[in-house]
1. Hey, rough spin-label estimate for Ile93 and Ile359, points 7 angstrom out along Cα→Cβ, what's it come to in nanometres?
2. Note down the nm distance, to one decimal, between modelled labels 7 Å out along Cα→Cβ at Gln13 and at Val232.
3. With the convex hull built on the Cα atoms of the range 74-231, state its orientation-averaged projected area in nm².
4. Round to the nearest 0.05 the FRET efficiency obtained for Gln326 and Met103 when R0 = 60 Å and r is the Cβ-Cβ distance.
5. Using a 10 Å Cβ count of at most 11 others and DSSP loop calls, identify the longest part of the chain lacking such trypsin sites (Lys or Arg not before Pro).
6. Among Val450, Val327, Val240, which comes first, second and so on when ranked by fewest other beta-carbon atoms within 10 Å?
7. Take the alpha carbon atoms of the range 181-330, find their radius of gyration, then divide it by 2.2 N^0.38 Å using N residues; give the quotient.
8. Over the range 200-255, what is the mean sequence separation of C-alpha contacts under 8 Å (at least six apart), divided by residue count, expressed as relative contact order in percent?
Amino acid sequence: MIDPVNGHPRKWQILAIMCTCLILVVAGVSSLNIAIPSIIEDLNPSSTETLWIVDAYALVFAGLLLPAGAIGDRYGRKGALLTGLGLFAAGAIWSSYAGDPTMLIIARGSMGIGAALVMPATLSILVHVFPVSERAKAIAVWSGFAGAGGAIGIIGGGALLEVFWWGSVFFINVPIAAVAALLIALLVPTSRDPEIRPLDPIGSVLSIIGLGALVFGIIEGGEAGWGSGLAVGAFIAAAVFLFGFVRYELRVEYPMLDPRLFRHRPFALGSLTITVSFLVMFGFFFIITQYFQFGQGHSPLSAGVRMLPFALSMIVVAPQAPRLAQVLGKRGAIAVGLGVQALGFTVLRFVGLDTSYLIVVVAMILLATGMATLMPAGSEAIVSSLPPSKAGVGSAVNDTTREVGGALGIAVLGTLLASGYRNTIEDSTGDLAPEAAELAEDGIGGAFRVAEQTGAVELIDPAREAFIDGMSLAFSVAVLIGLVAIAIILIGYPRKGAEPPPMEDAVIRA
């Protein structure tokens, strides 16, 4: 038994292990971004395939988080964590040696299966081993590494690409996962929901298809046009399956995610906060790594090192965030964090090819500070809304909002980047052969290949300028998203001292 007052005697070592596992799965999204130019050069994916290479992992990850959290609750979170690490490492090996874009997309998706088992187990275990008095601090540290993991993945990936091939950004996960698994087996206690409930396979399938159709529609809409039959059909399918998911979950006796939970405003708005924050941040990671490499001509290592201010700011600020939440309340901390994040995107909105790196550093510090401020409050709002026996549900929802946000952010901001780029570059491809023009208009990587293959070096500068136009469009939308989220939080989130108590099963099922 774990002491309810002091928690597990090795709780801080367990926190370090859980943060290591967390960095692995979060960096699994971002580390690929730094390798995109190398993958484009080697595998020649289209802009749509490039988005899917990045998003396949995040989409499978997001789609399976809720059932994976339920599996951990039922069969044991330690076992789910160890199984997830094994699957993640196997998928990493497969991804490392993929020989074409389609194979890489499938392999990345397989990594998402393992990640879905890992992430909810990490937070559930922390809730189990830390007493209530220290839980907010532990969640704050966990949240800091969740945000910093994105930048850490980019930095580590850049260092690897300086020496090894692009597959090394995946393969490095294998030895780290092995060491983490050994420490988990030795130090981490097992835990599970004392109430054994059946799984919800139908709800799982409905949610995965619905989310997949939504992301597919966003990506294909940017490529084929928002009014194209493919995009419209995908959005209709997403609406049908997600509506079916909600209706089914309301009727089934043991739902994977009970929609009634969202009647509790802190739970609902905490979920919205994390979704929005990760939406804009993973879109930022996808774009900024290409800006450093394609736009400014930096090597992968140099581009990765340029992300250090973001990672350091996250790690420094996140542990201090609970103090701010105590002063301002969760509502105030979330609103301030979203505002600082929106300010950072406002600065990035005006970044050009010749902008000083110091300006970008200021923007990254603002983004990281905003994210580090709101994430612990948002995560605590979700987790503290549920009784301790539902730790797996709370952590899975918290993680799902992150990964759904990340998948949507890459799709939405990546599509806006591609649309803005395409609208500008079309004026500079009139003298090219049709196939070359199509390749150059597909993305900045394609334009660089055309310039190399045909000697049309005059295409490089227009391609870079077009990229900046697309980047500006994407970051402008990120600012707008943040402002809308602030308004929703200020209007809907309960003020400090007026937050309702945690839900109980009887309230949830009423």
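1. With each label point 7 Å from Cα toward Cβ, the separation is 4.8 nm.
2. 6.2 nm
3. Taking the Cα atoms of the range 74-231, their convex hull projects to 12.5 nm² on average.
4. The computed FRET efficiency comes out at 0.75.
5. Between exposed loop sites, the widest span is 1-494.
6. Going from least to most buried by this count: Val327, Val240, Val450.
7. 1.43
8. That works out to 43 percent.
FYI, it's all coordinate maths here, none of it is from the lab. Note that the coordinates shown come from a computational prediction; the quantities given were computed from them, not determined experimentally. Here Cβ is always computed from backbone atoms with ideal geometry, including for glycine, and neighbour counts include all displayed protein chains.
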